[in-house]
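Below is one structure, written out as structure tokens, with a few remarks after it.
The values are calculated or read from the model by the stated rules, or taken from the named source; none is laboratory data. Being a predicted model, the structure only gives us computed values, none of them experimental. Cβ atoms come from the backbone with ideal geometry, glycine included; neighbour counts cover every protein chain shown.
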Amino acid sequence: MANNPATHAPTFLSTLPAGMQELRLAKYVVATAIFVFLVAIPFATVQLGKVWAFIPIYESVLVINDWVTAVLLIGQFMINRANSIRILVCGYLFTALMACMHALSFPGLFSDNGLLGGGPQTTAWMYMFWHAGFPLCVIAYTQLQGVAKGSTRRAMVVGIAWTVFAVCALTLLAVVNNAAMLPSIMDGNHYSSAMKGVVATVWLLSVLALAFLWRQRGRSVLDLWLMVVMCTWLCDIALSAMFNAGRFDLGFYAGRLYGLLAATFVLLVLLVENGWLYARLIETSSELQRLVIADPLTGIANRRAFDDALAQEWRRSQRNGLPLSLLMVDVDNFKLFNDRYGHVGGDNCLRAIASVLVHAAQRSGEVAARYGGEEFVVLLPYLDASEACQLAGRICAAVAELEIPHAQSPVAAYVTVSIGVASVLLGKTSTEQAEEPPVVGFGPVWGPTALIMAADEALYTAKKTGRNRVYDGGVIQQGMPRDVSQPQMSG
């Protein structure tokens, strides 16, 4: 689609404004169709061979295209409940059903007089009813635009029922009563004099539908391509029933090819739109997922994402007997920093530190997250206590190198951080044991919570012993649970 989905609220062909790219493409299609039409007119009466396979192929493709178009439009109706879309659904359903009846009545295709019988006039009248009904639906579509929405699914069912009834009634009229109520418009395989008046009326209905579409204000993409459909439809009728002499001449074949094109345009645009909407859905889903797991201030992982990652890495460590380390990072004297430089300065400081942490935690499975306030955590799968302490030291140095002024800090002239380190090396256990949730509350604690508690206690010690340093809380041991009610001092 030419329109940028990020800048347009509408999401359907019936509401999406037609852009310059769509307008340019529609002009090329119409210009090409008119050029071929003008070239074909002098040869329209040239008699060609009777290719009986052409009729069922043409009708089958037409029916499938119209059915799929109707189904896609029903999907849009179920969301926006617009009466105009409901009428258009009925229009495409009408053409699909009438094409079926037209094929069944075609003389010589399935039987000498067609499966529906009724004589030589039946198929011609079915064609006229078919090509008069769709423009009437398009006219109704234009008149219902802007009318208050709110149609129900029941209204759609009623519309479909009336469409089926209309097709049955017109088919019955063409088959049973054509001799008594309808003039003869076919003389064998050629047109009678009465055909001119009938086909002129049908053709003018299409002109009228095109005029109503042209007058639409704020033309949508759907309006634009319906105009292309009606232009092609006019070429179809003109070649098939006005400039040719009868069945199986060049005009007969060329006109029906135009009919296939007319049935394809809106379908193709709907399929493109569906692909565009699906791509937008994936993009929106990814963005929502990012918002769910990202901290809105710093852009790094949030507490929820960290909890999920810690639980996953704990289970992996327990299954495979691999080390797992955690850094708890706190900005030294951050309240004093906020009091001196304001919340905007504090936010910028947190973003800068988050950038350092993300740069430090780049290996597979490593996660840097904002734990809350001025506290951050860095999850380090596969690193033992010694390696985790080395990385923590590099983080302290990198934050100091930022040289973010902190005039109120009793530690240094610049912003510094304190880091508590905790590690665990779990023996291999069964999957069932690995999946057991930790016991959280007062009393013994084991599992990911124990690692967090150990890192938090190490951080507390780092702050208590002077800040701007790393404190190693040691390796917590499986089978030696920590007690929430009696915090332990490491080191």
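Computed values, structure above
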| read-out | value |
| --- | --- |
| Output for the stretch 102-131, where each listed residue is assigned to a loop (DSSP other than H, G, I, E, B), farther than 16 Å from D187 by Cα and free of Cβ contacts under 8 Å to residues at least 24 places away in the same chain | F110, S111, G114, L115 |
| Filter result (under 24 Å from L250 (Cβ atoms) and among the hydroxyl-bearing types (S, T, Y)) within the stretch 181-200 | Y191, S192, S193 |
| Filtered residues of the stretch 295-308 (kept if surrounded by 18 or more Cβ atoms within 10 Å (Cβ to Cβ) and either among the β-branched types (V, I, T) or not in a helix (DSSP H, G or I) (or both)) | D295, T298, I300, A301, N302 |
| Boolean, Y127 is over 31 Å from the mean Cα position of the chain (by Cα), surrounded by 13 or more Cβ atoms within 10 Å (Cβ to Cβ), within 19 Å of S240 (Cβ to Cβ) and modelled with pLDDT of 85 or more | yes |
| Positions within the stretch 379-393 being part of a helix (DSSP H, G or I) and within 44 Å of the chain's Cα centre (by Cα), in sequence order | A388, L391, A392 |
| Members of the stretch 14-51 that are crowded, with 18+ Cβ neighbours inside 10 Å and either touching a Lys or Arg at 6+ places or on another chain (Cβ under 9 Å) or on the phi > 0 side of the Ramachandran plot (or both) | A18 |
| Boolean, L62 is assigned to a helix (DSSP H, G or I) and free of Cβ contacts under 8 Å to residues at least 12 places away in the same chain | no |
| Evaluation of L383 against (1) at pLDDT 95 or above; (2) in contact with a strand residue (DSSP E or B) (Cβ under 8 Å, 6 or more places away or on another chain) (one fails), failing number | (1) |
| Subset of the stretch 196-221 (residues that are crowded, with 17+ Cβ neighbours inside 10 Å and out of contact with any helix residue (DSSP H, G or I) (no Cβ under 7 Å at 6 or more places or on another chain)) | R219, S220 |
| Which listed residue is touching a helix residue (DSSP H, G or I) at 6+ places or on another chain (Cβ under 9 Å), part of a helix (DSSP H, G or I) and in contact (Cβ under 8 Å) with a residue 24 or more places away in the chain, from A368, A311 | A311 |
